[in-house]
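Remarks on the structure that follows.
The values are calculated or read from the model by the stated rules, or taken from the named source; none is laboratory data. Quick caveat: nothing in here was measured; it's all calculated off a predicted structure. Please note: Cβ atoms are built from the backbone with ideal geometry, for glycine as well, and neighbour counts cover all protein chains shown. Note: accessible area is taken over every heavy atom of the protein model, side chains too, but ligands, DNA and RNA are not part of it. Shrake-Rupley method; radii C 1.70, N 1.55, O 1.52, S 1.80 Å.
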Amino acid sequence: MNIPEFEDLGIISDFEEDFPGTQRDLVMPAASTPSPGDGDRPRPPWQGHGDKLVGIVDMGSPKVLKIMMCVCSNGIRFSITDLSSPMARILPTVLTYRSGISLYDSQYDPETGEQIPIPDGVIDDIVTVFNRFLIVCHDMGVHEKNIHVAATEATRKAINSAKFLEVVKEKTGLSVEVLPKEMEGQIGALGIASGFRNLSGLVMDLGGGSTQISWMVSQGGHIRISPLGSFSFPYGAAALSRQLHDLRKGKKREDGEAAVARFRQEMIENFRSAYGHLQVPESMAEKAKRDGGFRIYLSGGGFRGWGYLLLYLNQSHGKHYPISVINGYTVGRDQFEDTDTVKEIAKAAKDVFRVSDRRRSQVPAVAFLVNVLAEAIPHGIREAHFCQGGVREGYLFRTLPPEIREQSPLKVATQNFAPISFRSIQELLKSAIPKPSKNQTKRFPDEFGDHVIDSFANVMYVHMFMSKETASTTALYSTSVGIMSSTHGVSHQDRARLALMLESRYRGELPPREMEFREALRSLITPEEVWWTTYLGRVGYLITRLYPSGEIDTAKPRVVFSSEWSWTLGKKKNREGLVLTLSIQKKKDDPAELKRALEDNVNVIQKVGKRKRWVGKDDPWGMKVKVNVVEEGILETPDC
C-alpha cells in the first residue's frame with residue numbers, strides 16, 4: 001500500500017455532614033436575561049421537556065446513519081451508527097449485534113483438518129442473516145449508500161471466495177469489500193485510535209484468522225503510523241489454536257513439544273523482523289528503553305477475551321476494580337504476561353464476564369502469542385491497553401475529518417446535558433484553580449486537562465432533581481454504568497475523575513455500601529488528583545447554589561472567582577495552600593444579602609483543606625484552603 005492510499009484512510013504516515021439549620025439559603029433566582037455569547041442550548045432534563053434532549057442529534061440535525069457488517073473469522077457483526085453532528089466523534093451506536101457464524105471454522109473439515117470451500121449451507125445462512133438485517137435497515141430509514149460490508153482474513157483466504165461474494169451480491173444486492181491484509185491492519189489501527197484522545201505506542205489487532213502489528217501516534221486528530229503500514233501474520237486466535245493442535249497431532253509428546261518450540265521460535269523471529277522493518281520512531285523506542293517497555297494497544301476479540309480474564313482477576317478474590325468497560329482497561333507487564341494464571345482462570349472459573357466458551361477454548365493459543373510477544377518485542381511491554389475499537393470503529397473513524405477526531409469524547413458525550421451558560425460555568429471552575437507558581441512548585445495536575453473540567457460543567461446539573469439519598473451515588477456511578485458509561489473513547493482515569501467530582505458536587509453523601517466503590521475509583525488516579533476532584537466538586541456545588549438554573553447573565557455577574565497560591569495560611573501563618581476569592585458587587589441595598597449568604601456557605605469548600613480530609617494513608621496529600629468573600633466594584637456590561 002502506498003502513501004496516498006494511507007491518506008485515503010485518514011492516516012498520515014511518518015462528603016460528609018449536613019450544615020446547621022441556621023445556614024443561609026444560597027439558592028438564587030434565575031437570571032432574567034440570556035447570557036450573551038453562550039449561545040442557545042437544548043433545555044436540560046432538570047428543567048423539564050427532556051424529550052428535546054433524548055437521543056444523539058442536536059438542534060434538529062439530520063441523522064447520518066451508517067451500517068457496518070463485518071464478516072470476520074469468529075462471527076459476523078452488525079451495527080448501525082449515527083454519525084450526525086455533534087456526536088460523531090464518539091461513534092454513537094444505535095443498534096449492534098453479532099451472528100455466531102464462524103467463517104473460519106466452517107472452512108476446515110472436522111475429521112481431516114484440511115481446508116475446504118465455504119459450505120453452501122453456511123453461505124445460505126449468511127445470506128439469510130444479511131437479508132434479515134436489511135429489513136432492520138429499512139425500518140431505521142437507512143440510505144442504501146450508507147450500508148457497508150467489510151470482510152477480513154477468513155473471506156480473503158477462502159477457496160471459493162469469489163463464489164461466496166457473487167452469491168451474496170446476487171441474493172442480497174450487497175457488495176462485500178474484502179480488505180487487503182495491509183488495509184485491514186490500518187483500519188484496525190484507526191479503530192484503536194478512536195478509543196483514545198491521544199496515544200503513542202505499538203498497536204496490535206488479534207482476530208480469528210490473523211494478527212497485525214504496527215506503531216501509531218495519535219494526537220490532535222492526526223494519526224501517524226509506520227510508512228510500511230502494518231505486518232500481518234496468520235496467528236489469529238482460531239488459526240493459532242488449530243496450528244498448535246496440528247503440530248502435536250499424531251506425535252509423541254516430546255516430538256509434539258519440539259515442533260511447537262520450533263514454531264514458537266519462528267514466530268519470535270517473524271515479530272522481531274516486523275519490528276525492525278516498522279521504522280519505530282526513535283523517540284518512542286528511547287522512551288520504551290528508558291521506561292522499561294512499550295505501551296501496547298490491543299484490539300480484536302482474542303485480546304479482548306484476555307483483557308476480560310484479567311479484569312475478572314481484578315474483580316474477584318477480594319479485589320474490586322470499579323469499571324467493567326474493556327476499552328481503556330490497562331494492566332502492567334507482570335499481569336499481562338502471567339499466562340499461567342490466566343489459563344487457570346479460563347479453565348477453572350465457572351462463569352467469566354464477557355468470555356464465551358469459544359473464547360475460553362482459545363486462551364491457550366492467546367497465551368502462546370503473549371509469551372512470544374514478551375520475548376520478541378525489544379525493551380518488552382510496560383503496559384497493555386485493551387481497546388474496543390476494531391474494523392467497525394476504524395472503518396467509521398476514517399470518515400471523520402481531523403477537526404472531529406481531535407474532539408474530546410468526554411466533552412462530546414456530555415454536551416447535550418450542558419446548562420445554558422455552560423461556557424461561563426466552565427470559566428468559573430477554571431478561575432478557582434490557581435495558575436502555576438513562578439517556580440512551578442505549585443501547579444494543577446496536568447493529567448486533568450481542560451476536557452475533564454469542561455465535561456464536569458456540562459453535567460453538573462444532571463442529578464440535581466434527585467434526593468439526597470440518591471444524588472451522590474447516582475453521580476458516582478454515572479461514568480461506569482450510568483448515562484456516560486457507553487461513551488466510546490474515554491479513559492478509565494477520566495471516568496474516575498469526573499465521577500469523583502460529581503459525587504463531591506453533591507457533597508459526597510454516600511451510604512456505607514458505596515464507600516468501597518468510591519475507594520476503588522480513587523485508586524485509579526493519584527492522591528493529588530483525588531484531592532482536586534473533591535475541591536472542584538465543592539466549588540461546583542457552590543456554583544449550582546448561586547445559579548440553580550444554570551443560566552448566568554454575563555453582563556451582570558453575581559460573583560467573580562479568583563484564586564492564588566499562598567504560603568501564609570493557618571493560625572501561625574506558615575501553612576501552604578490556596579486562597580479562593582469570591583468577589584461580589586458592592587451594593588447599598590442588597591435584600592438577598594448575598595455576601596452574608598456566601599460567608600455562611602464557604603465552609604463547604606474550606607473543609608476540603610482540613611488535614612482529616614487529605615487523601616492517602618502513609619503520606620496523605622492535601623492543602624489548606626481559605627475562601628474570602630469580598631465586596632468590590634465589578635464592571636458591568638451596559639445594555640446596548
(message) Can you tell me which of (1) open to solvent by 10 Å² or more (accessible area, probe 1.4 Å); (2) closer than 17 Å to Arg392 by Cβ; (3) not basic (Lys, Arg); (4) not in a loop (DSSP other than H, G, I, E, B) is the one Val217 doesn't meet?
(response) (2)
(request) Return a yes/no flag: does the stretch 270-287 have any residue that is closer than 22 Å to Ser491 by Cα, assigned to a strand (DSSP E or B) and charged (D, E, K, R). (result) no
(message) Need the failing condition index for Ala496 against (1) assigned to a loop (DSSP other than H, G, I, E, B); (2) under 23 Å from Met464 (Cα atoms); (3) touching a Pro at 6+ places or on another chain (Cβ under 8 Å); (4) open to solvent by less than 10 Å² (accessible area, probe 1.4 Å), just the number.
(response) (1)
(message) Quick check on Met284: is it farther than 21 Å from Leu206 by Cβ and touching a strand residue (DSSP E or B) at 6+ places or on another chain (Cβ under 8 Å)?
(response) yes
(message) For the stretch 49-108: of the residues being open to solvent by 20 Å² or more (accessible area, probe 1.4 Å) and at positive phi, which is modelled with the highest pLDDT?
(response) His49
(request) Residue by residue through the stretch 271-294, note down the ones that are open to solvent by 40 Å² or more (accessible area, probe 1.4 Å), touching a helix residue (DSSP H, G or I) at 6+ places or on another chain (Cβ under 8 Å) and within 30 Å of Gly113 (Cβ to Cβ). (result) Arg272
(request) Please find, among Tyr477, Tyr461, the residue that is over 20 Å from the mean Cα position of the chain (by Cα) and either open to solvent by 10 Å² or more (accessible area, probe 1.4 Å) or over 22 Å from Leu91 (Cα atoms) (or both). (result) Tyr461
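To keep it simple, each residue is scored yes or no on (1) over 18 Å from Phe78 (Cβ atoms); (2) at pLDDT 90 or above; (3) among the β-branched types (Val, Ile, Thr).
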site: Thr128; (1), (2), (3): no, yes, yes
site: Val142; (1), (2), (3): no, no, yes
site: Lys157; (1), (2), (3): yes, yes, no
site: Ser161; (1), (2), (3): yes, yes, no
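Only one of these is closer than 18 Å to Tyr541 by Cβ, among the hydrophobic types (A, V, I, L, M, F, W, C), open to solvent by less than 30 Å² (accessible area, probe 1.4 Å) and at pLDDT 95 or above: Leu569, Leu578, Leu598, Leu594. Name it.
Details: Leu569 fails: closer than 18 Å to Tyr541 by Cβ; Leu598 fails: at pLDDT 95 or above; Leu594 fails: at pLDDT 95 or above.
Only one candidate passes the filter, namely Leu578.
Mind telling me which of the residues Gln440, Gln415 ends up being at pLDDT 95 or above, of a type outside the set (D, E, K, R) and surrounded by fewer than 23 Cβ atoms within 10 Å (Cβ to Cβ)?
Working: Gln440 fails: at pLDDT 95 or above.
None of the other options fit; the residue is Gln415.
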(message) Regarding the stretch 183-196, can at least one residue be identified that is of a type in the set (Ser, Thr, Tyr) and open to solvent by 60 Å² or more (accessible area, probe 1.4 Å)?
(response) no
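Looking at this structure, is Ala348 open to solvent by 10 Å² or more (accessible area, probe 1.4 Å) and either at pLDDT 95 or above or over 23 Å from Gly293 (Cβ atoms) (or both)? Before the answer, list the steps.
Working: open to solvent by 10 Å² or more (accessible area, probe 1.4 Å): yes; either at pLDDT 95 or above or over 23 Å from Gly293 (Cβ atoms) (or both): yes.
It is true that Ala348 is open to solvent by 10 Å² or more (accessible area, probe 1.4 Å) and either at pLDDT 95 or above or over 23 Å from Gly293 (Cβ atoms) (or both).
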(message) Suppose the filter is touching a Leu at 6+ places or on another chain (Cβ under 8 Å) and not in a helix (DSSP H, G or I); does Ala154 pass it?
(response) no
